[in-house]
Ligand code: NAP
């Protein structure tokens, strides 16, 4: 028989790691399961400047997540790397079935976050890792001296475009409107950066190349006109980074919980519709998806899980 945990936290981003910290401090028998590296989406971020108190020069998403993980483990949280394939959430004992085993707990905190939304252009998948990327921190250095295009106009697109100027010859933001969605402070930096250009009212419709990405077709959404952008012959390659929003990672439990636009509905105490099941961070319905709000959700979810367990005992 598998061990029975008080709480299993699914996901090792800021929401899950903070839930771990609070559950651990409450001396709950806690297991945190993550299938990839810690940090979730912040692990893809080169620069974290808006987490309160964060003033460390050179702080990256990875370094911040590593400190969150160490803090959480200090309070006795067990960790498992596993890819959960099935979740049984409705019973009194919740069961998570992964490639590496079955895990059981009296409460579960879902902190599975969200993943990058595909750009939606033709051949996009064929060029992932060969010119198309969704992570500037991971792949930016491969585009040293090349021309790079960024799809999107939100905080991620503009921040990551700024980061990519460290490597690229030129970075062009392709945005479907004529105004950015990004915060004004981020926009100002981009407008002031001579290496950043803009293609307004445009979307990428096709990616092409014989082996690596060497051409993009862009459509002007106002005129319908198509423009083919080709890599300079001496480069032989260009980069396309997609930052057009995120899709919630809810496939595992979509049939068991009410969702709104794909995100898990919770009350303000992070309770889902199922007793003993909580959700925290980007996976849930909320108005602001930031590290600080994910961390806050994680803290609330853990405290509420503890209260739920006290009522059961
Ligand atoms: P986002 O705010 O949802 O922005 C997505 C961008 O992609 C928008 O500009 C949108 O255009 C565009 N877009 C969406 N679907 C598209 C499509 N099919 N084709 C072309 N363009 C498309 O996503 P995000 O920038 O990743 O940010 C997600 C959340 O994280 C936000 O709440 C953001 O504030 C937060 N965030 C914060 C920071 C920070 O504070 N430092 C950094 C990164 C992210 P429209 O504008 O026309 O809708």
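Throughout, read-outs are computed from the coordinates displayed, never taken from laboratory work. Since the structure is predicted, the reported quantities are computational estimates derived from the model, not experimental observations. Positions of Cβ are backbone-derived with ideal geometry, glycine not excepted, and every protein chain shown enters the neighbour counts.
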Checking the structure you have, find out if any residue of the range 212-220 is surrounded by 18 or more Cβ atoms within 10 Å (Cβ to Cβ) and farther than 17 Å from residue 152 by Cα. yes
Which one of these is away from the ligand (no atom under 16 Å from the Cβ), surrounded by 15 or more Cβ atoms within 10 Å (Cβ to Cβ) and touching a residue at least 12 places away in the same chain (Cβ under 8 Å): 264, 285? 264
If you scan the range 217-244, which residues turn out to be part of a loop (DSSP other than H, G, I, E, B), more than 13 Å from the ligand (Cβ to nearest atom) and within 26 Å of the chain's Cα centre (by Cα)? 238
With a cut-off of at least 3 residues that are surrounded by 12 or more Cβ atoms within 10 Å (Cβ to Cβ) and over 19 Å from the mean Cα position of the chain (by Cα), name the strands (runs of 3 or more DSSP E) lying wholly within the range 32-101. 78-81, 94-98
Selection over the range 290-299 where residues are within 12 Å of the ligand (Cβ to nearest atom), assigned to a helix (DSSP H, G or I) and surrounded by fewer than 24 Cβ atoms within 10 Å (Cβ to Cβ) yields a count of 2
Looking only at residues that are away from the ligand (no atom under 16 Å from the Cβ) and in contact (Cβ under 8 Å) with a residue 40 or more places away in the chain in the range 30-66, which one is farthest from residue 113 (Cα to Cα)? 30
Failed item in (1) farther than 26 Å from residue 107 by Cβ; (2) touching a strand residue (DSSP E or B) at 6+ places or on another chain (Cβ under 8 Å), with residue 211 passing the rest: (2)
Would it be correct to say that residue 277 is closer than 17 Å to residue 106 by Cβ, surrounded by fewer than 22 Cβ atoms within 10 Å (Cβ to Cβ) and more than 16 Å from the ligand (Cβ to nearest atom)? no
Counted residues, the range 268-289 - those being outside any strand (DSSP E or B) and in contact with a helix residue (DSSP H, G or I) (Cβ under 9 Å, 6 or more places away or on another chain): 12
When (1) crowded, with 24+ Cβ neighbours inside 10 Å; (2) assigned to a strand (DSSP E or B); (3) within 16 Å of the ligand (Cβ to nearest atom) are applied to residue 247, the one that fails is (1)
